[in-house]
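The values are calculated or read from the model by the stated rules, or taken from the named source; none is laboratory data. Quick caveat, the model's predicted, so the values are computed rather than measured. Counting neighbours? That spans all protein chains shown, and the Cβs are built from the backbone with ideal geometry, glycine included. Surface accessibility is based on the protein's heavy atoms, side chains included, excluding ligands, DNA and RNA. Shrake-Rupley method; radii C 1.70, N 1.55, O 1.52, S 1.80 Å.
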Amino acid sequence: MRFALRLSLPDRRGALSAVASAIGRAGGNIVSLDVIDSVDGMAVDDVTVEADADADALRRAIEEVPSVVVEAIMRTSDFRDPTAPLELATTMVETGSGAVKLLVDGLPHALWSSWALVVAGTHLGPEIIHTAGEVPPVEGLETPWMPLDQLRRLPRAPWMPETWRAHTELELVAAPLAQRSTVVLLARERGPRFLDSEVAQLGRLARVAVRAEVLAAQNGRRY
């Protein structure tokens, strides 16, 4: 079985080696590793592991290493590509018109997320413009946080559809697009928590999408 993990571990010599040894004792093997962040003496790594052990056994083995926390673990069929956000930005710039749709379609893969959507605030209520991934039913969605001026984390709250609130580990972030009343939402249903660097990356990708659309419109190009 192949698992994708996000680990928080001390940013010091020997810590990763101890984690690798723990994974080996559990019958696993690290097949890819990406350093995602380092804050206040703690590193955040995304690791892909092939193992005969189940997820719980793998988690227990890793967390026996002092100060190491498994923030998320899930079955996966592929490897996380750390270059995916850059590739998405490049594709949007090259495409021009339709970049916002490409943004939504590409976000779940680029930022290791469950689903994404664009919602516009109208006088009749929220209007879903485009979705990607397995978005839960949106009936009952409200948007009291719109218009949106900047990136924002959105905790579970009554404005969410009941189907969204049923996911107790739901992580949701929002980024404004060209209009303050048009927003891209990005969700993780099983964690881990979006890092500040990932939220910032969402903001950069949203700005690239909008800029690509504007330039395409100004140049009168259709791709």
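Which residues' amide hydrogens lie under 5 Å from the amide hydrogen of residue 43, considering only partners 5 or more residues apart or on another chain, with H built in the peptide plane?
Result for residue 43 returns 9, 11.
With Cα extents along the principal axes in Å defined as stated, name the option among (1) 51, 34, 32; (2) 58, 42, 29; (3) 58, 40, 33 computed from the structure displayed.
The value computed from this structure is option (3).
Enumerate the residues in the stretch 52-72 having an amide nitrogen under 17 Å from the point lying 7 Å beyond the Cα of residue 169 toward its Cβ.
54-63, 69-72
If you roll a 1.4 Å probe over the heavy atoms of the protein chains, what accessible area per residue do you get for the chain, in Å²?
With all protein chains present, the chain gives 51 Å² per residue.
Could you check how much of the accessible area of the stretch 30-173 is carbon and sulfur, as a whole percent, using a 1.4 Å probe?
Solvent-exposed carbon and sulfur of the stretch 30-173 make up 51 percent of the total.
Taking the mean number of other Cβ atoms within 10 Å as a proxy for protection, how do you rank 114-127, 162-175 from highest to lowest?
162-175, 114-127
Given a 1.4 Å probe and the protein chains all in place, what does the accessible area of residue 31 round to, in Å² to the nearest 10?
Accessible area, nearest 10 Å²: 50 Å².
Please list 146, 42, 1 from largest to smallest accessible area, probe radius 1.4 Å, with all protein chains kept in place.
Per-residue accessible area, sorted high to low, gives 1, 42, 146.
If R0 is 41 Å, what FRET efficiency do you get for residue 67 and residue 157 from their C-beta distance, rounded to 0.05?
0.80
Can you list the HN-Hα couplings for the stretch 157-169, worked out from phi with the Karplus curve (6.51, -1.76, 1.60; θ = phi - 60°), rounded to whole Hz and with x for Gly and Pro?
For the stretch 157-169, the Karplus-derived couplings read 7, x, 5, 6, x, 4, 5, 6, 5, 5, 8, 5, 9 Hz, x marking Gly and Pro.
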